[in-house]
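Since the structure comes first, as structure tokens, the remarks are kept for the end.
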Amino acid sequence: MNFSDAIDVIGQSSDSLQSILGLFDFMPNIYFYIKDRNRNFLWMNRPLRQLVGINGLDECVGKKDSDFFSPDLVFLYHREDDEVLMSRSPLLNKPWIVPERKGRPKWFLSSKIPLIDTNGTIFALAGIMWDLAHELDISQPLDDMRTVVDHIFEHYHERINLDTLASLVFLSPRQFERRFRNLFHSSPGEFILKVRVDAAIRLLMESKFSVTEIAVRCGFYDNSHFTRQFKKKMGVSPVQFRKKFC
């Protein structure tokens, strides 16, 4: 499939449609894409193409997440895709942590919507990711929160106390939690749990560590706590996950 074919899938090929989609090329730190129901990319804006290391649109059309991202991220992306396709509803403002090639994490807020034709059939899925890491770097009010984000990423395998996080930005725990929720659309505890579960998924898929060792490495109190929290988030236990997906 080439670029022209992809446009036909998205809708009637027209200069106006290409112009509208082309506007997303000029939105810095905004990553926009369209995928068909089989998770083949139909469109990536220029910032996203640059992020994954390609140039022209023809280089992305027909490619899959697995052509650009690690297996653990592919699994999580597909899980969200399935949620949108099955529910036929948008999935809005979900925090994401994506490691850069140099190792430092990039922080995003992600939203996905189903694209539905006049017959009520979902024919594609569109998504947009906002580069929160960039905002943390350039905005003074958010720059303080970068200290918290980096602390969570560096110490998620340890016990993390809300009072400690609040003290990093010179706020009371209540003030800190309110600001954190406004920024990340989740509580600090929910955010830390996501970091830990995402790290556990990566180790389950890419390492030979035992489930017990992974629990310790990812900051869970013990194996039973790890299993309980992982199953709550993923719907299966760590052992079941490894057997099914690894």
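Tabulated results
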{"item": "Evaluation of Ala199 against (1) out of contact with any Cys (no Cβ under 6 Å at 6 or more places or on another chain); (2) buried (at least 18 other Cβ atoms within 10 Å of the Cβ) (one fails), failing number", "result": "(1)"}
{"item": "Residue match in the stretch 40-52 (condition: modelled with pLDDT under 90, in a loop (DSSP other than H, G, I, E, B) and more than 23 Å from Pro95 (Cβ to Cβ))", "result": "no"}
{"item": "Members of the stretch 45-100 that are under 25 Å from Phe184 (Cβ atoms), out of contact with any Phe, Trp or Tyr (no Cβ under 8 Å at 6 or more places or on another chain), among the hydroxyl-bearing types (Ser, Thr, Tyr) and free of Cβ contacts under 8 Å to residues at least 40 places away in the same chain", "result": "Ser87, Ser89"}
{"item": "Number of positions in the stretch 202-227 that are closer than 23 Å to Val74 by Cα and surrounded by fewer than 16 Cβ atoms within 10 Å (Cβ to Cβ)", "result": "5"}
{"item": "Single condition Lys244 does not satisfy, out of (1) under 17 Å from His155 (Cβ atoms); (2) part of a helix (DSSP H, G or I); (3) not hydrophobic (A, V, I, L, M, F, W, C)", "result": "(1)"}
{"item": "Filter result (hydrophobic (A, V, I, L, M, F, W, C) and modelled with pLDDT of 90 or more) within the stretch 53-70", "result": "Ile54, Cys60, Val61, Phe68"}
{"item": "Meets criteria (within 27 Å of Leu91 (Cα to Cα), in contact with a helix residue (DSSP H, G or I) (Cβ under 7 Å, 6 or more places away or on another chain) and of a type outside the set (Phe, Trp, Tyr)) for Leu183", "result": "yes"}
{"item": "Within the stretch 1-36, considering residues that are of a type outside the set (A, V, I, L, M, F, W, C) and modelled with pLDDT of 90 or more, the one farthest from the chain's Cα centre (by Cα)", "result": "Asp36"}
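Rundown of residues vs (1) touching a Phe, Trp or Tyr at 6+ places or on another chain (Cβ under 8 Å); (2) modelled with pLDDT under 90; (3) aromatic (Phe, Trp, Tyr), yes/no style:
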| site | (1), (2), (3) |
| --- | --- |
| Gln140 | no, yes, no |
| Met145 | yes, yes, no |
| Asp150 | no, yes, no |
| Phe153 | no, yes, yes |
| Ser187 | yes, no, no |
| Leu193 | no, no, no |
| Asp198 | no, yes, no |
| Ile201 | yes, no, no |
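The values are calculated or read from the model by the stated rules, or taken from the named source; none is laboratory data. As the structure is a computational prediction, the values presented were derived from the model and not from experiment. Note: ideal-geometry Cβ built from the backbone for every residue, glycine included; neighbour counts use all protein chains shown.
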